[in-house]
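Structure first, commentary second.
Just so it is clear, none of the values below were taken in a lab; they were calculated from the coordinates. Nothing here was measured: the structure is a model prediction, and the numbers come from that model. Cβ coordinates were reconstructed from backbone atoms using ideal geometry, including for glycine residues, and neighbour counts include every protein chain displayed.
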Amino acid sequence: MGQPFDYIEMKIPAKSEYIGVIRLTLSGIASRMGFTYEAIEDLKIVVSEAIASAMQYAYQEREKGEIIIGFSLYHDRLELMVADRGQSFNPSEMKEEIGHYEQGEFFREGGLGLYLIETLMDDVKIHHQEGVSVFMTKHLKREQVERDAETIST
């Protein structure tokens, strides 16, 4: 895989009011890397869902905890990591639950987290050890960026 050319890590309290801070940070990083507007919006959804999931499953409302968000910036991709130190969950059980929802049904934030993450990202890995770490990769499609730049300049 090679080493990232930059790595940024943030640690936030497991409180929903901090999700916006991470979304803004991610937006700035992805924009600087050259991701399209649509890809940046997808990344913001994904990081919000991963953090909301960590808050819901790892810490429940009564527990205090932290969530670590890591951004590995490569020349051709962005890798995100969202990690908690709470109770572990079984992703295959979650996938089974997700399968019972009907298309078009309304979901609250975090309700379809894993499904959305897998749909919007190029690669997803979940690691269980002293909590849950979700690793998500989005590839930078340079030809799309160049095509968008040509469209804007004409």
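Sort out which residues of segment 18-52 are farther than 23 Å from VAL132 by Cα and of a type outside the set (Gly, Ala, Ser), and write them in order of number.
Residues satisfying the conditions are LEU24, ILE29, ARG32, MET33, PHE35, THR36, TYR37, GLU38, ILE40, GLU41.
Out of all the residues in segment 122-140, which are surrounded by fewer than 16 Cβ atoms within 10 Å (Cβ to Cβ), at negative phi and touching a residue at least 40 places away in the same chain (Cβ under 8 Å)?
Of everything in segment 122-140, those that are surrounded by fewer than 16 Cβ atoms within 10 Å (Cβ to Cβ), at negative phi and touching a residue at least 40 places away in the same chain (Cβ under 8 Å) turn out to be ASP122, HIS128, HIS139.
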